[in-house]
1. Fewest to most neighbouring Cβ within 10 Å: what's the order for 311, 177, 228, 245?
2. First select every other residue whose beta carbon is under 15 angstrom from the beta carbon of residue 93; then total the charges, Lys and Arg +1, Asp and Glu -1.
3. Projected onto the charge dipole of the chain (+1 at Lys/Arg Cβ, -1 at Asp/Glu Cβ, origin at the Cα centre), which of 69, 9, 135 gives the Cα projection farthest towards the positive end?
4. Sorted from fewest to most neighbouring beta carbons within 10 Å, what does the list 242, 330 look like?
5. Classify region 198-318 as rounded, prolate or oblate, taking a ≥ b ≥ c as the square roots of the eigenvalues of its Cα gyration tensor: rounded when a/c is under 1.5, otherwise prolate if a/b is larger than b/c and oblate if not.
6. Farthest toward the dipole's positive end in the chain, which of 195, 263, 315, given Cβ charges of +1 (Lys, Arg) and -1 (Asp, Glu) about the Cα centre?
7. Relative contact order of region 261-348: what whole-number percent is it, with Cα pairs under 8 angstrom and at least 6 residues apart?
8. Check cross-link reach from residue 50 to the aspartates and glutamates: straight Cα distance under 17 Å, and skip same-chain residues fewer than eight apart.
Amino acid sequence: MAGFDRKTALALLLGLTGGVVAYFVGLPLPWMLGPMIANVAAAMLRAPVKGPAGLRNIVVPVIGVLLGSGVTAELFGLVSTWVLTLALLPPFLLVAAGVSFLIYRRVGGYDPVTAYYAAMPGGLNEMILLGAEAGGSERQIALAHAARVMIVIIFVALFFGLVLGVSAGGTGGANWTALDALSLRDYAVLGLCAIAGAWLGKIARLPAAPVFGPMILSAIAHYTGLVTVPPPSLFVIAAQLTIGTVIGTRFVGAKMADLRRELGLAALASGIMLAIALGFAEVIVLAGGMPLAQAFLAYAPGGLTEMSLLTLAMGQDATYVSVIHVIRITLVIAAAPLVFAMIRKRAL
């Protein structure tokens, strides 16, 4: 595999070790948090680690297939209950991003462009590109978003475990799907959904195409009965291990002082954004009867892939959460440059 060398192998070994340790000590979401923490520590100690980018490109479409496997006929009857979540999403984004901007601008001392794109809860790669084009610091924006994703995962996992009493073994739900539970035909269909979905999603320029494209094809395959089983649970664990390792290794090369600063700012900004998300989630619960766990996960400002995996591990409705996150990322990507153009003179 291209880019797979000793540094990548060491990162994955540390990730696996961290996952095993986290699993046996009972850490929430062990197969993502363990690898993430282990590789952040390795990055801070200047260990020769590198993220498995090539492997990530393989597991992300698998996650999309897994998300699509939860689509059933009954699910379409629940779509009407999503209306309030969608209606409150724009004001939530305005409030959460606005508060986050003030933290990076006033507390962090970032320049206006960097603070703005560091605060936007959109896709990491997209915000880096848009921020750099607008004249912001690409490195600071990248560190801010990497830190936000990591902090959100930790906060949400702890919230579920300590406040809601929901634990996760990291297998994507209560039911274990063995490798031999799938026929060769099932593997072929799901594999086609992953490969063709990622390709078609890119051609169609779908948001989060490597996840959303396979998710759509998998949903169609499962809804029509072409296949009735999800990917094996070991694939879910492998995906979490890979994503956790990738997140942890994003801090490679950063100075210790920068890491402390970024993690501190991210903890403050993400903590407040999550508190705002919880407040909006409570409104949805009171108005529409949506379970708090699902409404909170839908608004938690993490990455689509990471939040989808977290939702699966917590045994919640991954389709609802992932669709809301796709819409959230699309709104931010579409609106962020327009809003910044409107406020640029005042911000500068």
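Please treat every number below as a calculation from the coordinates, not as lab data. Model, not experiment: these values are computed from the prediction. Here Cβ is always computed from backbone atoms with ideal geometry, including for glycine, and neighbour counts include all displayed protein chains.
1. 228, 177, 311, 245
2. Neighbourhood net charge equals +1.
3. Of the options given, the answer is 135.
4. Fewest-to-most Cβ neighbours within 10 Å comes out as 330, 242.
5. Oblate is the answer for region 198-318, as a/c is 1.5 or above yet b/c matches or exceeds a/b.
6. After comparing all options, I get 263.
7. Over region 261-348, the number comes to 20 percent.
8. Leaving aside aspartates and glutamates fewer than 8 places away in the same chain, those within reach of residue 50 are 5.
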